[in-house]
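Read the figures in this text as sums done on the coordinates, not as results from a lab. Fair warning: this is a prediction, and the values are worked out from it, not measured in the lab. When we count neighbours, we look across all protein chains shown, and the Cβ atoms used for this are built from the backbone with ideal geometry, even at glycine.
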Amino acid sequence: MDWLESRDGRLNAEGVCLDEVAERFGTPVYVYSRAAIEGAYGEFARAARGRKVLICYAMKANSNLAVLDLLARAGAGFDIVSGGELQRALAAGADASRVVFSGVGKSAAELRMALDAGVRCFNVESRSELRRLSTIAAAAGRRAPVSLRVNPDVDAGTHPYISTGLRESKFGIAHAEVLEAYREAAGLPGIEVTGIDCHIGSQITELSPFIAALERIIELVERLAADGIALRHVDLGGGLGIDYAGERPPTRTALLEAIFARVDASPAVRGLELMFEFGRSIVGNAGLLLTRVEYLKSNEARNFAVVDAAMNDLMRPALYEAFHRIVPVRQRGTAEARWDVVGPVCESGDWLGRDRALAIEEEDLLAVLSAGAYGMSMSSNYNTRPRAAEVMVDRGAAHLIRERETVESLYALDRRLPD
């Protein structure tokens, strides 16, 4: 996270002191770096220059309109998994013809919405969805552009909750059934077969799972061609990991170069358009969660730093036992102690970090790093807690890009029973 630096013993983000961010916008607050987001996407774009490639941003990682706007301006496409994400993308200025619609449970209303908007492609995940989409499109006198998401039974080597390419996963169509599904798709009146899709998981830190999945896709493309089903694109998904706790994933450039080398060696896929769906690797290390220490307390077993952010603000530690580095905004000269950094929610699972060496006092600010992906987008209002504000730092300036919710807004849609 090279957009962070210490100045006079205090942590700064793109030249903005995080103390000042907390004073101006309150805590907890998410802080994102414009330069980091644009730089990460830019590395993918440069690696793909001169090729028929669409780099899509996987919106589920972080769907703030300012983030989407930056990426739309940079030329990104968008990978969506709901009708709500489609509406967000369009509101942020995205071109629907650069949107791919993934997701295992698309409703009929969502399919109609996306068809009317003119999305680039539907990544279909079951034969039932294929038939439903054909019926909807044919009734409208249309043919829906489709790729089938293949479940290649490849182990991504990541947490089970974010591994999506194994045979026991709910995602995609089993590898053994794909050819028959394509034959059915080719004969449906409302379907135009345009591509093939594969996504095996998230936070992948090695090249080998990507290449193994690609090999299975190349084999299928060859067999489809032999059946007379010609494709126009191959969507290889995303899932590239980031450094949370010392992981060493391949660089964005190294990943794309390895894929291009294998693609160039295959007559079946050489010349087809390639699509990717990267999320975490674009925004993950471009964000942090800023939180204030409310209380320090100890018992016979542990020291607890109780902060004003909680599992409703950052779900990943409670959900996955995920690790995020936690650093003080102000560097103190006092000795460090071991602290469990916990929130105020009434759950023992409400923690942001365990057994961390920190020199802190009450009312100090802490920065929870690598929180740009799956932080705000997975947050909730559990315990009637308003969700955090979001701020974008940009070359010495801090811009509010989402206001903090109010308690009144949380129950504004509730209704009491009549007398």
Step through the residues of the stretch 359-367 one at a time and calculate ³J(HN,Hα) from phi using the Karplus curve (6.51 cos²θ - 1.76 cosθ + 1.60, θ = phi - 60°), rounding each to whole Hz and writing x for Gly and Pro.
-> 9, 9, 9, 4, 6, 5, 9, 10, 10
Specify the residue with the greatest mean-square fluctuation among Gly15, Gly246, Gly93, computed from a Gaussian network of the chain linking alpha-carbon atoms under 10 Å apart.
-> Gly246
The chain: angle of helix 178-187 to the longest principal axis, Cα-based, in degrees nearest 10 = 60 degrees
Sparse-neighbourhood loop sites, trypsin sites (Lys or Arg not before Pro) in the stretch 319-409 - DSSP loop, at most 16 other Cβ within 10 angstrom | Arg332, Arg395, Arg404
Looking only at Ser379, Ser202, Ser128, which one moves most when the chain is put into a Gaussian network model with springs between Cα atoms under 10 Å?
-> Ser128
Expressed in whole Å with the largest first, what are the equivalent ellipsoid semi-axes of the stretch 319-373 derived from the C-alpha gyration tensor as the square root of 5 times each eigenvalue?
-> 20, 13, 10
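What is the percent of Cα-Cα separations in the chain that go past 36 Å?
Of all Cα-Cα pairs in the chain, 30 percent lie more than 36 Å apart.
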Cα pair distances exceeding 27 angstrom across the stretch 63-278, given as percent | 30 percent
Send over the Kirkwood Rh of the stretch 1-140, from the inverse of the averaged 1/r over different Cα pairs, rounded to one decimal Å.
-> 17.2 Å
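Quick one: work out Rg over Rh on the C-alpha atoms of the stretch 24-94, Rh as Kirkwood radius. Walk me through the numbers on the way to the answer.
Values: Rg = 13.3 Å, Rh = 13.1 Å.
Result: Rg/Rh = 1.02.
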Can you pull the three principal axis extents for the Cα set of the stretch 198-294, in Å, largest first?
-> 66, 20, 17
Relative to the longest principal axis of the C-alpha atoms of the chain, give the angle of the C-alpha long axis of helix 108-117, reported between 0 and 90° and rounded to the nearest 10°.
-> 80 degrees
Sort the following peptides by mean Cβ neighbour count (other Cβ atoms within 10 Å, averaged over residues), highest first: 285-296, 210-221.
-> 285-296, 210-221
With the 8 Å Cα cutoff and a minimum separation of six or more residues, the chain has a relative contact order in percent of 19 percent
